[in-house]
Amino acid sequence: MLGNGGGQGITSASEPQITAALGGGSNNGPVTTDGTCGATHGHCGVGCQSGQCDGAPVSGTSGPAPARKGTGAFFTVIGQGGVPAMHAALMPNGKVVFLDKVENYSQLRLRNGQYAYSAEFDSNTGQVAPLAYKTNAFCSGGTFLADGRLLNIGGNGPLSFFDPTVGDGFTGLRYLERSYSSGSLDGQDWSEPGNKTLPDGRVFVASGSLNGLDPTVRANNNPTYEILSAQGISNGRNIPMALLERAQPYYMYPFIHTLRDGNLFVFASKSAQIFNVNNNAVVRELPDLPGEFRSYPNTGTSVLLPLSSSDGYTSRVLVCGGGAYQDISSPTDASCGRIVADDPRAQWTLESMPQGRVMVEGVLLADGKVLLINGANKGAQGFDLATDPTLTPLVYDPTAAQGQRFTEYPGSPIPRLYHSVALLLLDGTVLVAGSNPVEQPLLQPNAQHPYVTEFRVERWVPPYLVGENANRRPRNVRLSTRTVAPDTVYNVEFDTLNTSKHIKVVLYHGGFATHSLHMGQRMVFLDYSGFQAGAIHQNIRFRTPPRNTAQPGPWVIYILGSL
């Protein structure tokens, strides 16, 4: 089983920290104070944190570009999360689960008197319930199994001086089960015996750290993958993966998306490939993405754009943001790269955000656009390693003309830096939580720690739910069944105002959110028939997508009405 994170001989658990920018690692050449080693071609070379240069120089990008200003969308605080929200997922019952690492403080206590490091949050009422786990979930990954259970994988070492009841999580498997038919906030705990659910229900787990130490020392790293069964059980076999080996130390938390043919798009550092899991073979290498590093510890974000039968479910991947090196002085990347992953001759096309962003979340909205939120304009992932928070959300419209795809909306006053999350809720709004850029929770800023632990939970209301748009929202949505199969026709009934002339029927899976990744996030526009423009009551038939297009697990159907 792959582990991740874990410090030793210090006062708290710590994620892997790159030290080669300060002369560590296997390189012994001179370095500069900003970590770039004087390099102008991707920050590689003797003495650089990314190691020796092993490829041609990667070209730069054009820099920031202004975006149009949007109105209407807004933030509102809806409660307190109870625990720092390092990881999050929307459960089948509509509640949000948060996970954190072992800490010396949280807002919640368990029945045994220890602090809780996980919580279940009701976004409608603001109520929160503590959840217990048995092994440290620090810097883990996650996915949903076909039966709807949430699987949390890996973690970090124990901190028995804080909590002797929580053990070593490096090889941990944690399961959380919630039924869509029960909306109770019952506080049922986790059970325990980079992740992606495959089209057949198995789980692809990639990357990790063996001990949580410096990733520039390759003996500390685990650039492998393994396959878990559909029940989330490991066979104990770790398989080396060349892309992850080459990408070290930028190999952790890779971006992974399943394509329509069942192959995987895998991205780490600046490199991507199409990978066949069944054959353990690279189908093809893709061009490197220009610009800075895109994965941990300089993570931007990546989204598989919405799929549709209108173009044969073509897989378009978006990668935005990134940074140069793991230091508070690191510049960030304002560019987004977009590629048609199915195309054998695929090339990246580039466009620019208004500012560079690192630790940015990419959330698919119910209308098929992409919300880019959270993060910083300067720095990297790690404790006290970022500044200049990016407070304004961006919305990316994949259907707009290139150069006109970004809209900037009014911001929140709450910084969301390291260990923050955002995810789409059942009502089509977005939950925003977390930010814990310190080794142990701090509630008041000081000169050494200007950004501290954030427990407030916000709701971001998108433009399609503001003003008259909210009045066109379909109501009383009723599905003919709660269990669906691929490539099959089902019915959905709903009521709507007679101003609706068009609708979209959207199938959505939110996945597991952590470290700016949304593992398994996926959206499909469904084919439908029977819609009667102007009718108040609608009874339409929709067809689910073919196998490979939607992995098994819990999904949400959204109906969007529009003029």
task = Look through segment 189-227, keep the residues that are over 19 Å from residue 274 (Cβ atoms) and modelled with pLDDT of 90 or more, and return whichever of them is surrounded by the fewest Cβ atoms within 10 Å (Cβ to Cβ).
result = 226
inquiry  = From the list 476, 498, exactly one residue is farther than 21 Å from residue 391 by Cβ, in a strand (DSSP E or B) and either out of contact with any Pro (no Cβ under 7 Å at 6 or more places or on another chain) or not assigned by TED's automatic domain parsing to the domain that holds residue 539 (or both). Which is it?
reply    = 476
key: Only one of 255, 293 that is at pLDDT below 95, of a type in the set (A, V, I, L, M, F, W, C) and closer than 30 Å to residue 365 by Cα   = 293
message = What's the total number of residues in segment 535-559 that are aliphatic (A, V, I, L, M), closer than 24 Å to residue 257 by Cβ and in contact with a Ser or Thr (Cβ under 9 Å, 6 or more places away or on another chain)?
response = 1
inquiry  = Quick check on this structure: which one of 428, 434 is on the phi > 0 side of the Ramachandran plot, surrounded by fewer than 22 Cβ atoms within 10 Å (Cβ to Cβ) and in the same structural domain as residue 107 (by TED's automatic domain parsing)?
reply    = 428
query = Do any residues in segment 289-312 that are at negative phi and outside any loop (DSSP other than H, G, I, E, B) have Cβ atoms under 7 Å from those of residues that are at pLDDT 95 or above and of a type in the set (Lys, Arg), where the two are at least six apart or on different chains, and which pairs are they?
reply = 304/522
message = Return the pair list, or none, for Cβ contacts closer than 7 Å from residues in segment 506-523 that are within 26 Å of residue 559 (Cβ to Cβ) and in the same structural domain as residue 97 (by TED's automatic domain parsing) to residues that are assigned to a strand (DSSP E or B) and aliphatic (A, V, I, L, M), at least 6 apart or on different chains.
response = none
request  = Being closer than 22 Å to residue 461 by Cβ and either at pLDDT below 95 or basic (Lys, Arg) (or both) is the filter here, so list the residues in segment 95-114 that pass it.
outcome  = 95
key: Unique match (being crowded, with 24+ Cβ neighbours inside 10 Å and touching a helix residue (DSSP H, G or I) at 6+ places or on another chain (Cβ under 7 Å)) among 269, 302   = 269
request  = Return the total of residues in segment 504-563 being surrounded by 20 or more Cβ atoms within 10 Å (Cβ to Cβ), among the β-branched types (Val, Ile, Thr) and part of a loop (DSSP other than H, G, I, E, B).
outcome  = 2
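The values are calculated or read from the model by the stated rules, or taken from the named source; none is laboratory data. These numbers come from a predicted model, not from an experiment. Heads up, the Cβs are rebuilt from the backbone with ideal geometry, glycines too, and the neighbour counts pull from every protein chain shown.
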